[in-house]
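Here the structure is laid out as structure tokens; the discussion comes afterwards.
Nothing in this text is a laboratory measurement; each read-out follows from the coordinates by a stated rule. Everything quoted here is computed from the prediction, not taken from an experiment. A quick note on method: Cβ atoms are made from the backbone with ideal geometry, for glycine too, and the neighbour counts reach across all protein chains shown.
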């Protein structure tokens, strides 16, 4: 105690830092960042210590642009849809993250993502700010006859592009910003990356999450490397990834990984699915197997050979990564976990189950795990696998856009048209495997029924409500828009799709308890009632008896009878029930 009264300014700064850690740079408020965080449209041009890139202002506008899109249930692709709390969402992840803001704000325990590393050979998501609605629908994959997100939704980000790093930063920034909103106060985020963008990732993570909330960077493995005939233990740039870890706040904690573990040497395959002409050269007398390619181009592979990372396996003679065991290995990652020849989805996923399990163990808590670059659903696999082992009830939300598989790939030949299909099938396969294991064992304690072995599938879609055009330029167009919006619902809207859209836009999670009655739906007991098909005095009376906190119904159900609509609203109001008519 210093005997002084409360420092009002310092107390306010402390509170501001808690809510907006990203606006502090070198301990001081960056006023442009604060304005941007509050939604102001600004240009980042001042010369000061700040991460800047070509297109940053557009990235903020992309972030702040609201979406009217929704998620539609797909029960036929789900398992135990009405009971499960696991979720798989098929759709472009920026739009999905925006849709989830109301329902999942502050509710996620852990986020893990393995985004594109910007190696010069992969694609990044194309988030155009200036485009008309048709262009947007085509790019985002919301409106597509086949339900596929084709390559026009992605851009090839090669190193010869002038905005090579800027494109990647513009893709990552809005997604990470929205992801932070979804984390709970004690939430954590892990991001896999390699050396191409590790530095830039650290900078944008500092800006979004705040420098004080950086916790650590974990390296999957380290190998010895000769430099001028002196052996130094360093992290190689070839084949070894890092995992950057941030907390949402000072309340975010983990159980640190064990250090100085004794490990065995690891051999990891150097080939990957797909056909790429620049990656089909000869190494040690070998060429890639049919339908596959080497993981890197020849120049980089030669560097890996020189550094001792890429070697000839002494047993098979094939070129493989060699990860040498040493006391600096921090995370237990068994690469051989990925070698399952009977599983097509394994061969299309670069993530490691053991690695993600280790991260789940580090947070040592139940909750929702989000992966919005989910690929072949390795994160979902890890959650289900660890729940089976330790009896906890972690839940997953996986987001993957329906990106088309390469027609020359093994996945396409196996019948998978999109990466999302691979991910969904993997989850089904894991669930089937666990169920088969359970059936072969005696269930003395009833444990077989405890684990959630299901998942709900949702798909990104246009809103069920007609969108108001913002480009109207004539009185004739305005009158036409007014006529169209006399009925706000799209003519093809289905009740179940309307139900879930209203839940999301009311801030209610996709796993809400839904009880269907005659012509109305009770949500989470008495939190909300939706009247979507029919309304009359009997229905109004039954709803008032339940005494929900809120009622939402559709204007068209009143058949243009304004007096009847007014009476219904007064009855609800007199009963202390909030009612909204759409």
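Distance from the alpha carbon centroid of the stretch 388-424 to that of the stretch 537-568 works out to 43 angstrom.
Fewest neighbouring Cβ atoms within 10 Å first, the residues 410, 516 line up as 516, 410. For 356, 508, the sequence from fewest to most other C-beta atoms within 10 Å is 508, 356. Across the stretch 428-582, how large is the tail of the calculated P(r) beyond 23 Å, expressed as a percent of all Cα pairs? Percentage above 23 Å: 54. Look at 465, 396 and count the other Cβ atoms within 10 Å of each Cβ; fewest to most, that gives 465, 396.
Distances longer than 14 Å among the Cα atoms of the stretch 508-582: what percent of all pairs is that? So the portion of pairs separated by more than 14 Å is 57 percent. The gain in end-to-end length when the residue 217 to residue 482 segment is fully stretched comes to 89.9 nm, 0.36 nm per residue minus the alpha carbon separation. Over all Cα atoms in the stretch 270-322, the spread is summed up by Rg and Dmax: 10.3, 28 Å. Report for the stretch 473-581 the percent antiparallel among DSSP-assigned beta bridges with both residues inside it, nearest 5. Around 50 percent antiparallel, to the nearest 5. Working from label points 7 Å from Cα in the Cα-to-Cβ sense, the residue 473 to residue 19 distance is 4.2 nm.
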